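All remarks here apply to the structure that follows.
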Amino acid sequence: MFDTNERKIKIVIIDDHQLFREGVKRILDLEDNFEVVAEGDDGSKGISLVEQHKPDVILMDINMPKVNGVEATRELIETYPWVKVLILSIHDDESYVTHVLKSGASGYLLKEMDADSLIEAVRVVADGGAYIHPKVTHNLINEFRRLASEKAPDTEIGFREVEYVRPLHLLTRRECEVLQLMTDGKSNRSIGEILFISEKTVKNHVSNILQKMNVNDRTQAVVEAIKNGWVIVR
């Protein structure tokens with residue numbers, strides 16, 4: 001696990017749009033423990049940049065003219081399994097996310113992200129976790145449910161009609177509300193606006209939910225909540 005108190009998180013940005021790279025770099029440079037050590041405009045440069053700079057996280061565009069992000073990620077992970085790749089994309093279709101995760105990437109972030117989401121994603125991935133953009137999570141969960149429902153109804157993995165029940169034996173009422181909004185694909189900022197609480201408070205609730213549910217990230221929490229009938233998929 002990455003200890004952000006010991007040293008800076010070294011980041012490489014690979015994207016063929018210079019203005020986008022510059023914008024991302026400006027956001028990351030505002031964080032004291034972030035350091036953008038290199039930039040590239042094509043996936044083919046990934047290996048050489050990792051060899052030279054030994055980054056902790058690579059922000060990789062999914063669509064590039066020569067070697068795309070998925071191909072570059074697969075090659076990078078095979079050569080340097082310790083590298084964490086966070087894919088940047090304009091596509092919110094779940095098929096893209098599934099393809100990306102199979103390549104070995106640790107996260108999937110939409111380019112319409114706000115600065116807080118970018119910073120949070122880099123921290124989560126650097127710390128060994130997985131991050132999927134909240135807007136994509138809802139689509140991914142729905143696809144997961146669709147595929148699972150196609151299996152035999154008596155199989156353990158199959159989703160059956162379950163009675164909706166709040167997990168008050170495990171979570172507080174406020175945490176249940178936050179969990180439901182996570183399932184709806186809301187970001188921390190949106191959850192705060194809906195519940196009239198600060199974004200910092202939302203982050204604390206999310207951390208408590210993950211700890212109580214014994215899961216590593218938001219996506220795992222949502223999947224388990226759906227399986228147990230703790231949330232409504234709408």
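Out of all the residues in region 189-200, is one or more touching a helix residue (DSSP H, G or I) at 6+ places or on another chain (Cβ under 9 Å), at pLDDT 85 or above and assigned to a loop (DSSP other than H, G, I, E, B)?
Yes, region 189-200 has at least one match.
I need a count of the residues in region 207-234 that are open to solvent by 40 Å² or more (accessible area, probe 1.4 Å) and either assigned to a helix (DSSP H, G or I) or acidic (Asp, Glu) (or both).
Here the count works out to 7.
So, in region 81-102, how many residues would count as being part of a loop (DSSP other than H, G, I, E, B) and of a type outside the set (Val, Ile, Thr)?
Qualifying residue count, region 81-102: 5.
Is region 204-211 home to any residue that is among the β-branched types (Val, Ile, Thr) and under 23 Å from Ile119 (Cβ atoms)?
Going residue by residue through region 204-211, those that are among the β-branched types (Val, Ile, Thr) are 206, 209.
Checking which are under 23 Å from Ile119 (Cβ atoms) leaves us with 206, 209.
Yes - at least one qualifying residue is present in region 204-211.
Looking at region 110-125, can you tell me whether even one residue there is in contact (Cβ under 8 Å) with a residue 60 or more places away in the chain, of a type in the set (Gly, Ala, Ser) and not assigned by the TED database to the domain that holds Lys186?
Yes, region 110-125 has at least one match.
Hey, can you tell me all the residues within region 103-139 that are outside any loop (DSSP other than H, G, I, E, B) and over 20 Å from Ala221 (Cα atoms)?
Let us first name the residues in region 103-139 that are outside any loop (DSSP other than H, G, I, E, B), namely 107-110, 115-126, 131-132, 134-139.
Result: Leu110, Ala115, Asp116, Leu118, Ile119.
Could you tell me how many of the residues in region 183-194 are open to solvent by 30 Å² or more (accessible area, probe 1.4 Å) and either over 18 Å from the mean Cα position of the chain (by Cα) or farther than 18 Å from Ala115 by Cβ (or both)?
Residues flagged as open to solvent by 30 Å² or more (accessible area, probe 1.4 Å) and either over 18 Å from the mean Cα position of the chain (by Cα) or farther than 18 Å from Ala115 by Cβ (or both) within region 183-194 amount to 3.
The values are calculated or read from the model by the stated rules, or taken from the named source; none is laboratory data. Just so it is clear, the model here is predicted, and its values are computed rather than measured. Every residue, glycine as well, gets a Cβ built from its backbone with ideal geometry; the counts of neighbours run over all protein chains shown. The accessibility values were calculated without ligands, DNA or RNA, using every heavy atom of the protein model including side chains. Shrake-Rupley method; radii C 1.70, N 1.55, O 1.52, S 1.80 Å.
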